1. So if we plug the beta-carbon distance of Met21 and Ala42 into 1/(1 + (r/R0)^6) with R0 = 35 Å, what FRET efficiency do we get, rounded to 0.05?
2. Rg over Rh of the chain, using C-alpha atoms and the Kirkwood radius, what does it come to?
3. Could you give the angle, 0 to 90 degrees to the nearest 10, between helix 11-38's Cα long axis and the longest principal axis of the Cα atoms of the chain?
4. Using helices alone, what [θ] at 222 nm do you get for the chain, with -39,500 (n - 2.57) per DSSP H run of 4 or more residues, divided over all residues and rounded to the nearest 500?
Amino acid sequence: MFDEHGEPLDPAVSSSAVKNMLDQIEWWGTTLRDARAVRPNAA
């Protein structure tokens, strides 16, 4: 997936993967924030 210099062979694939990962992180962050508002952590 990377050349000898560490650069992606297909930047579109890397960009898509990064966008997908960041979308998932955003989803989890929003979901956890909303859940904690309803049911705060007792720790």
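Laboratory data are not the source of any read-out in this text; all were calculated from the coordinates shown. Only a predicted model underlies this, so the values are computations on that prediction, with no experimental measurement involved. Neighbour counts run over all protein chains shown; Cβ positions are idealised from the backbone, glycine included.
1. Here the calculated transfer efficiency is 0.70.
2. Here the Rg-to-Rh quotient is 1.34.
3. Value to nearest ten degrees: 10.
4. -23500 deg cm²/dmol
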